[in-house]
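Asker: Mind having a look at this structure? Questions to follow.
The values are calculated or read from the model by the stated rules, or taken from the named source; none is laboratory data. Quantities reported herein were computed from a predicted structural model and do not represent experimental measurements. Heads up, the Cβs are rebuilt from the backbone with ideal geometry, glycines too, and the neighbour counts pull from every protein chain shown. In case anyone asks, the SASA skips ligands and DNA or RNA and just uses the protein heavy atoms, side chains included. Shrake-Rupley method; radii C 1.70, N 1.55, O 1.52, S 1.80 Å.
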Amino acid sequence: QVQLAESGGGLVQAGGSLRLSCAASGRTFSSYVMGWFRQAPGKEREFVAAIVLNSAITRYADSVKGRFTISRDNAKNTVYLQIYNLKPEDTAVYYCAAKGSFHPPALAYEYDYWGQGTQVTVSS
C-alpha cells in the first residue's frame, strides 16, 4: 500500500514556474513507477509524465515536452514535477500516481494508487 500527498500548487502568472512534489508513504517507494496526471475543469484526466524506478526512463505527454521535467528522489520517497513557462492551459488539478511496474504507463486506469491532487492556476 502506498499513500501519496501532493504539494506545491498555487496561483502563478503565465511564464512563471512551479515545482510540484508528491510524498509517498511506505518503504517500497523505489519499487513503483510514478506518474503525474492533470485534470482541468470539464475535461478528462490526462497523462503528463512518468518515471521508472531508477529514473532511467521518463515519459512525457507531447503537450508538455520541453516545459515539464519529472524526477524522483527515492531516499526521500518523493517525486517532483518541475514546470517551466506556465501557460493558462496548464491550469488543472495535478495528481501523482503510483504503479508497481517496470514500465511507465500513460493511461490512468493502469495506476494503482493516487493522491488527492494539488491545484495549479495560471493567470494570463
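Asker: Within the stretch 49-63, restricting attention to residues that are in a loop (DSSP other than H, G, I, E, B) and more than 18 Å from GLY100 (Cβ to Cβ), which residue is least open to solvent (accessible area, probe 1.4 Å)? Before the answer, list the steps.
Answerer: Looking only at the stretch 49-63, we keep the residues that are in a loop (DSSP other than H, G, I, E, B), and these are 52-57, 61-63.
After this cut, where a residue has to be more than 18 Å from GLY100 (Cβ to Cβ) as well, the list is 61-63.
Values: ALA61: 17, ASP62: 125, SER63: 69 Å².
For the stretch 49-63, the residue satisfying everything is ALA61.
Asker: Based on what the data block shows, is ALA61 at pLDDT 95 or above and of a type in the set (A, V, I, L, M, F, W, C)? If you could, list the steps in order and put the result at the bottom.
Answerer: On the way: at pLDDT 95 or above: yes; of a type in the set (A, V, I, L, M, F, W, C): yes.
Answer is yes for this residue.
Asker: Moving on to the next point. When the residues of the stretch 76-112 are filtered to those that are of a type in the set (A, V, I, L, M) and in a strand (DSSP E or B), which remaining residue is farthest from LYS65 (Cα to Cα)? If you could, list the steps in order and put the result at the bottom.
Answerer: Filtering the stretch 76-112 down to residues of a type in the set (A, V, I, L, M) leaves 79, 81, 83, 86, 92-93, 97-98, 106-108.
Still in the list and also in a strand (DSSP E or B): 79, 81, 83, 92-93, 97-98.
Numbers: VAL79: 18, LEU81: 12, ILE83: 10, ALA92: 17, VAL93: 19, ALA97: 19, ALA98: 21 Å.
So the residue we want is ALA98.
Asker: Hey, another quick one. Return only the number of the condition from (1) farther than 20 Å from LYS99 by Cα; (2) surrounded by 17 or more Cβ atoms within 10 Å (Cβ to Cβ); (3) over 15 Å from the mean Cα position of the chain (by Cα) that GLY9 does not satisfy.
Answerer: Evaluating GLY9 over (1) farther than 20 Å from LYS99 by Cα; (2) surrounded by 17 or more Cβ atoms within 10 Å (Cβ to Cβ); (3) over 15 Å from the mean Cα position of the chain (by Cα) leaves (3) as the failure.
Asker: (1) in a loop (DSSP other than H, G, I, E, B); (2) open to solvent by 80 Å² or more (accessible area, probe 1.4 Å); (3) touching a residue at least 12 places away in the same chain (Cβ under 8 Å); (4) within 27 Å of GLU89 (Cα to Cα): which one isn't true of GLY42, the others all being true?
Answerer: Among (1) in a loop (DSSP other than H, G, I, E, B); (2) open to solvent by 80 Å² or more (accessible area, probe 1.4 Å); (3) touching a residue at least 12 places away in the same chain (Cβ under 8 Å); (4) within 27 Å of GLU89 (Cα to Cα), the lone unmet condition for GLY42 is (3).
Asker: Could you please find all residues in the stretch 64-94 being open to solvent by 70 Å² or more (accessible area, probe 1.4 Å) and of a type in the set (Ser, Thr, Tyr)?
Answerer: Step one: list which residues in the stretch 64-94 are open to solvent by 70 Å² or more (accessible area, probe 1.4 Å), which gives 65-66, 75-76, 84-85, 87, 89.
TYR84 - this is the single residue of the stretch 64-94 that is open to solvent by 70 Å² or more (accessible area, probe 1.4 Å) and of a type in the set (Ser, Thr, Tyr).
Asker: Return the total of residues in the stretch 16-35 being more than 18 Å from VAL48 (Cα to Cα) and open to solvent by 50 Å² or more (accessible area, probe 1.4 Å).
Answerer: Total meeting the criteria: 4.
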